[in-house]
Amino acid sequence: MALKNGTTKMEPLNAQQQPKQSPESHSVILVTAGYDNTIRFWEALSGICSRTIQHPNSQVNRLCISPDKRYLAAAGNHAVRLYDINSSNPKPITQFGDHTGNITATGFHAECRWTFTGGEDGHLKIWDTRGPVITRQFDHESPINDVVIHPNQGELISCDQNGSVRIWDLSANACTHELVPEEEVPLRSVTVASDGSMLVAANNKGNCYVWQLPKGNESSDLKPITKLNAHNEYITRCLLSPDTKHLATCSADKTVKIWNTENGKFTLEKTLVGHQRWVWDCAFSADSAYLVTASSDHTARLWELSQGETIRQYNGHHKAAVCVALNDLSMY
């Protein structure tokens, strides 16, 4: 994790522009939000809250920092609000979503050409960031709980309340795969390896399912690798580390577990204990050595994973902190 806090120089939202780089591109951006209608930026190492943005009329369900570290997307009820990270203006620069009910997932194309949203209304939408306008929409026919973008930037992977995982091919404009590991058991979270090698989905029974994803000219079938009985209560988030060597699972049991993915065995390596209530979300550092977690106990924590210990706690939220975003990746 970088030792320097700050942000990059902002430019108007334009997908055709190349992001400008500066020494600040090495900075750490750490953000949390939740049910107290605030978004908080933190100095990662000191634990000081450096900025607070009010998010009126809605809780924040998910946060996502754009890959160029210029914008923050905050998904709430009906809409996503997009904030200029480097501006002192507390108001969003634009708003999009057009969902009925909560938006549960949002994210950016690698070059910020488009964003996506998924919601409780069962709709998965893709937006041109220059508008923003909807360029396409897919229907899940069940409330969507999570969506991730495949590293190839050409597929979206979603999971829903009916217990299905769907893979959407954006060039074919169609669903190419549907997986239902346990009938009518809601799938809460999905994560895909940064090298595109595997997919993990986690459900309300505390189980994780792992599939090997096809590569290149291989058969398009997904091969089951393992089923992991990770927790005895809900899993709220599963996340593969950037180096793909570990899987983090957050749970209603107040813990986060770190699993070693070597050889597809998924052996338990660490159990992170310290939060007093449900742990809702997590984010790895770029080097996979640290994890930030957000909890209903109103706090976020920074964990050093080799020892499995909290090295910083972030206090300031007055209600549940349910989402976290971290980008400490150098832009050079």
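The values are calculated or read from the model by the stated rules, or taken from the named source; none is laboratory data. Small disclaimer: the values here were computed from a predicted structure and weren't measured. Cβ: placed from backbone, ideal geometry, glycine included. Neighbour counts: every protein chain shown. Note: areas computed on protein heavy atoms with side chains; ligands, DNA, RNA excluded. Shrake-Rupley method; radii C 1.70, N 1.55, O 1.52, S 1.80 Å.
Of note:
- Rg/Rh, computed from the Cα trace of the stretch 170-215 with Rh as the Kirkwood radius, has the value 1.00.
- Approximating the spin labels as points 7 Å out from Cα along Cα→Cβ, the residue 215-to-residue 93 distance works out to 3.8 nm.
- Here the chain exposes an accessible surface that is 46 percent carbon and sulfur, computed with a 1.4 Å probe and the other protein chains kept in place.
- The length gained on full extension between residue 227 and residue 153, counted as 0.36 nm times the residue separation minus their Cα-Cα distance, comes to 24.0 nm.
- Check: the stretch 177-330 dipole with +1 on Lys, Arg Cβ and -1 on Asp, Glu Cβ, in debye: 360
- A crude spin-label estimate for the pair residue 51 and residue 268, with each label 7 Å from Cα along the Cβ direction, gives 4.0 nm.
- The charge dipole of the chain, taken about its Cα centre with unit charges on the Cβ of Lys, Arg, Asp and Glu (plus for the first two, minus for the last two), comes to roughly 840 debye.
- Given 125/245; 227/270; 223/265, the pairs whose alpha carbons are separated by over 23 Å: 125/245
- With a simple spin-label model that places each label point 7 Å from the Cα along the Cα-to-Cβ direction, the separation between residue 245 and residue 184 comes to 4.4 nm.
- The aspartates and glutamates within cross-link reach of residue 215, meaning a Cα-to-Cα straight distance under 20 Å and a gap of 8 or more places when in the same chain, are 155, 169, 178, 195, 243, 262.
- Nearest-20 debye value, the stretch 159-236 charge dipole, Cβ charges on Lys, Arg, Asp, Glu: 180
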